[in-house]
Amino acid sequence: MEAETAGEPESASQLAGVPDSFQRLWTPHRMVYIDGQDKPADSSVQECPFCRAPARDDADGLVVHRGAEAYVVMNLYPYSPGHVMVCPYRHVSDYTDLNESETVEVATLTQQAMRVIRTVSGPDGFNLGMNQGAVAGAGIQAHLHQHIVPRWSGDANFLPVIAQTRALPQLLGDARALLAAEFARIADH
């Protein structure tokens, strides 16, 4: 039997299921995103998840709030709990292609989502952004969407850097229910 080098096991298969000093957080549910399963194969409305979501009931489509020309939806692969997106209903890819009323509603819903998230979960700050094109990081390029990502002091730990993993303490459905209830509450006032 050959000697192991630098304390490494003889084969990678020896790591599977063998107790050691490492704690592992397995996130196999993210493989559908990595493999592109939820990304449209083409840019058609039929393939677009942002066109399909508002056609479903709110809980199934992860819709938090509906406006006249845009809606707020949970991110299926969130960076943090409460990560939502504002999407126009119209299938449009570029911010400059929004008409004036769509632009106003996307901005207004972004502000409203920030207020709702502050009330529901009290973040210390936010990341806001639109990724336009693949080179800018757009996972779904065909349909414009504005990210609203709540942030807390110390939430960016070693997991994203070392393990390309994010630990999320709240289930997507639970976060959607809390945010939807607060949107409904403020709409009644």
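Where a number appears in this text, it was derived from the coordinates with a stated rule and is not lab data. Keep in mind it's a predicted model, so treat the numbers as computed, not measured. Backbone-built Cβ (ideal geometry, glycine too); neighbour counts: all protein chains shown.
Observations, loosely collected:
- Cα gyration tensor, the range 68-145 - rounded (a/c under 1.5), prolate or oblate: oblate
- Extension gain (nm, one decimal) between E47 and H91, 0.36 nm per residue minus Cα-Cα: 14.7 nm
- For C51, C87, order by how many other beta-carbon atoms lie within 10 Å, fewest first: C51, C87
- At full extension, D188 and V135 could sit 14.9 nm farther apart than now, given 0.36 nm per residue minus the alpha carbon distance.
- Placed amide H near A70: partners under 5 Å, 5+ positions off or other chain: Y89
- Rounded to the nearest whole Hz, the Karplus-based 3J(HN,Hα) values (6.51 cos²θ - 1.76 cosθ + 1.60, θ = phi - 60°) of the range 91-101 follow the sequence 6, 9, 9, 10, 4, 6, 8, 5, 7, 4, 5, with x at glycine and proline.
- Amide H contacts of F126 (H built 1.01 Å from N, in plane; Pro and chain starts excluded): R151 sit under 5 Å, all sequence-distant by 5 or more or on other chains.
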